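Visitor: The structure is given below, and queries will be raised subsequently.
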Amino acid sequence: MNLTPDHRGVRVHFLLGPAGSGKTWRCLEEIRAELLRAPAGPPLLLLAPKQATFQLERQLLDDPQLAGYARLQIVSFDRLARWLLDTFGAVPDLLDDEGRVMVLRALLAREQHSLKVFRATARLPGFARQLSQLLREFQRHQVTPDRLSRLAARCDESPQLRDKLHDLQHLLRAYHAGLAESEVQDADHLLDLATSMVRDPAFALRHLPFPIAGLWLDGFAEMTPQELDLLCGVLLLCRKSTLAFCLGPEADESTSWLSLWSVVRRTYLDCRTRVAALKAAEVSETQLARDPAHSRFHDSPVLARLEANWTAPAASSPSPPSGETAGVRGQSVPSPESTQPPAAQPASSLQPPASPSAPTPKPKPSSPLAKSSATSAQADASATAPSSSAPLITITPRCAASSRASASPSSSTAASQSRTTRLRS
């Protein structure tokens, strides 16, 4: 008897198009139609970067026909893994970032004498936190201690790199052993736990035919191997899936790795290769053209023009048509620090104009001491004010005092000698 689940009927549709071609609009329209058709059906998933989930919720609820929803989850990969474990399994005890740093500090104190390169720096402040960030990257890209050992064995020309890889694999192996002994999982290992759960044949048999009605992915330019594994595992549980990538028709196989499309194209090719390897998966693809009606730039023709000619500026005409420059203003600045004054100039128009009927206050008579103070302040301001063509440089009084002291050592020496003479007399 064959206990392997049959995933025949899994449909994966790739939606490709440049920015402003309506990929997000089409995904939201499909989700909205599904929610209106069956408000209480099986779960729906919309995968997006963590910083874009709230914006997608706002766009989805802009339609007055959709007052709310209960079956849709707009999540990132981390929240997707947690939702899968909460819904179909159990979330284990996780070690957060601060807990990992504390564990690594104790680990470095114990394993310091076994290290070659990091022996002298293992107990320095901040080293455990830097090591925590490095181990996080290792787990996201599925770098194991055995892989680091193989890389170290191949570094014959660089002994320092070989010793550094030896220290990293030793610390990573000891960290994994400590977690296994304490029966605690690392928080960055959550995606691997969810992937192992959904790829278990027994799990698929318990939740046949499809526990998830649909999945949409949008907004990702790059995905780690850990995220790609989880995505392919979840696709087997979905009746239909739509994966959108910002990839224009000009991004062909001859695209250089220096092109703006190279990262997205590599992500798309890796994802398509993994999806095509799934058993009995039906893969289709649609290339969208720029659609002004459903573009986010339909209210700004100049931004639409800028996006269309972003990768080929030589193909654009020297001057845009009349009326396209409304709302866009260019400003040349000599340095990044001097961008604030030009950006703040339009705010001056928001100030109310002075009333012509208001009497002009008469200046009050000032004392000679105030006049001399004002004169010296004006002199200092004119001496330190930068020219209009030079970048703005601010000198603090402490720096000015130290520069004056270093510029005239003879005057300070003479002043100290006169003070000494007065004390003696």
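Visitor: From the Cα gyration tensor of the range 152-257, with a ≥ b ≥ c the square roots of its eigenvalues, which class applies: rounded if a/c is under 1.5, or else prolate if a/b is larger than b/c, or else oblate?
Guide: oblate
Visitor: For the pair Gln59 and Ser338, how long in nm is the line joining their label points, each one 7 Å along Cα→Cβ?
Guide: 3.9
Visitor: So for the pair Val283, Arg150, with labels modelled 7 Å out along Cα→Cβ, what separation do we get in nm?
Guide: 2.4
Visitor: Can you pull the one-decimal nm distance between simple spin-label points at Ala202 and Glu250, each 7 Å off the Cα toward Cβ?
Guide: Here the modelled spin labels are 5.4 nm apart.
Visitor: May I ask you to evaluate 6.51 cos²θ - 1.76 cosθ + 1.60, the Karplus curve with θ = phi - 60°, for each residue of the range 49-59 and list the ³J(HN,Hα) values in order in whole Hz, giving x for glycine and proline?
Guide: Karplus values, whole Hz, x for Gly and Pro: x, 4, 7, 10, 5, 5, 5, 5, 4, 5, 5.
Visitor: From the phi angles alone, apply the Karplus equation (6.51, -1.76, 1.60; θ = phi - 60°) to the range 65-71 and give each ³J(HN,Hα) in whole Hz, x where the residue is Gly or Pro.
Guide: 6, 9, 7, x, 7, 10, 9
Visitor: Shifting gears a bit: Can you tell me how the range 86-156 classifies by the Cα gyration tensor, rounded, prolate or oblate, using a/c under 1.5 as the rounded cut?
Guide: Working: a/c = 2.64, a/b = 1.33, b/c = 1.98.
It comes out oblate by the Cα gyration axes.
Visitor: Treating only the Cβ atoms of Lys and Arg (+1) and Asp and Glu (-1) as charged, compute the dipole magnitude of the range 35-106 about its Cα centre; round to the nearest 20 debye.
Guide: On the way: 8 positive and 9 negative charges, 30 e Å.
The dipole of the range 35-106 has a size of about 140 debye.
Visitor: Okay, next question. Just check the range 172-217 against the gyration tensor rule for me: Cα atoms, a ≥ b ≥ c as the square roots of the eigenvalues, rounded for a/c under 1.5, and otherwise prolate or oblate depending on whether a/b exceeds b/c.
Guide: Working: a/c = 4.23, a/b = 2.23, b/c = 1.90.
Prolate is the answer for the range 172-217, as a/c is 1.5 or above and a/b outweighs b/c.
Visitor: Using r as the Cβ-Cβ distance of Glu222 and Leu94, and R0 as 30 Å, what FRET efficiency do you calculate, to the nearest 0.05?
Guide: 0.75
Visitor: How much length, in nm to one decimal, is gained on full extension between Ala52 and Gln142, taken as 0.36 nm per residue of separation minus their Cα-Cα distance?
Guide: On the way: separation 90, 0.36 × 90 = 32.40 nm, distance 2.56 nm.
The span from Ala52 to Gln142 would gain 29.8 nm if fully extended.
Quick note: the coordinates plus some simple rules give every number you see, no bench work behind them. Remember, predicted model here, so these are calculated numbers, not experimental data. Counting neighbours? That spans all protein chains shown, and the Cβs are built from the backbone with ideal geometry, glycine included.
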